[in-house]
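I have placed the structure first, in the form of structure tokens, so that the comments after it can refer back to it.
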Amino acid sequence: MKVKKNKPYTELLSAKLTDVEFVVLDVETTGLKNNSYIIDIALVKVKNFVEIDRFNTLVKPLQPINIFIQKLTHITNEMVILAPKFNEIRTFVRYFIGNSVIVGHNVKFDKQMLDLEYTRYDDPPLNNLTVDTLRLAYKIFPKEEKKSLKHLSKLLNIEHKNMHRALGDTLATVELFNVLFGKAIEHFKLETLNDLIKLLQPSKNNSN
């Protein structure tokens, strides 16, 4: 990813990895299209391999949840009737994330859905740096054919309860990130956040 050359990024990129706060993110949505709405969100803040805070809630969308998503997540339209709308949590979510580095398994999707919700209220998208555990898995386990969260959790004996629910997937991603993060530090002698970001940049000859 291209990093903006501003002061906050410069300071953050030079920080030791053990001093950096990461927020692991997962969202479930009404569908898979770009006009979908968030129905479940989980954020877990991690620093130096330790969870320091978390936030999780169902979200009342402004459109019905499609049948496929209901079967996949077991979240029904009735379950979100009394949940807060994104408008009611959007300020807190931004505050919770702050300047942390956002982590996710295929993080691009989750961040895009979150940014989409913000743009609906004319809020700017999040400009945080991101780390994708999927891309990190390609670096650590290049010969492993499957790199889904489910497969990697099984491979690494990570407990993955409540799949396709935001908190369940986020907690599994936290554990996956900690494992991959530790191996990356050891194998590639990483010291700063900039080292990690550079490691995850796609090469010209390899999209992974």
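The values are calculated or read from the model by the stated rules, or taken from the named source; none is laboratory data. Model, not experiment: these values are computed from the prediction. Note: ideal-geometry Cβ built from the backbone for every residue, glycine included; neighbour counts use all protein chains shown. Surface accessibility is based on the protein's heavy atoms, side chains included, excluding ligands, DNA and RNA. Shrake-Rupley method; radii C 1.70, N 1.55, O 1.52, S 1.80 Å.
I'd like to verify a number: residues in the stretch 65-82 that are open to solvent by 70 Å² or more (accessible area, probe 1.4 Å) and not basic (K, R), how many?
7
Just to be sure I understand, how many residues within the stretch 83-108 are assigned to a strand (DSSP E or B) and either among the aromatic types (F, W, Y) or open to solvent by less than 70 Å² (accessible area, probe 1.4 Å) (or both)?
Qualifying residue count for the region: 4.
Could you check, for the stretch 23-30, whether at least one of its residues is of a type in the set (D, E), outside any loop (DSSP other than H, G, I, E, B) and at pLDDT 95 or above?
Yes, the conditions are met somewhere in the stretch 23-30.
For the stretch 31-49, give me the residue count where each residue is under 17 Å from Y118 (Cα atoms) and either open to solvent by less than 20 Å² (accessible area, probe 1.4 Å) or modelled with pLDDT under 95 (or both).
10
May I ask you to say which residue of L167, L196, L176 is touching a Lys or Arg at 6+ places or on another chain (Cβ under 9 Å) and in a helix (DSSP H, G or I)?
L167
Which of the residues belonging to the stretch 38-66 are within 25 Å of T76 (Cβ to Cβ) and not aliphatic (A, V, I, L, M)?
Those that are within 25 Å of T76 (Cβ to Cβ) and not aliphatic (A, V, I, L, M): D40, R54, F55, N56, T57, K60, P61, Q63, P64, N66.
Regarding the stretch 50-64, can at least one residue be identified that is closer than 30 Å to D195 by Cα, assigned to a loop (DSSP other than H, G, I, E, B) and open to solvent by less than 30 Å² (accessible area, probe 1.4 Å)?
No, because not a single residue in the stretch 50-64 is closer than 30 Å to D195 by Cα, assigned to a loop (DSSP other than H, G, I, E, B) and open to solvent by less than 30 Å² (accessible area, probe 1.4 Å).
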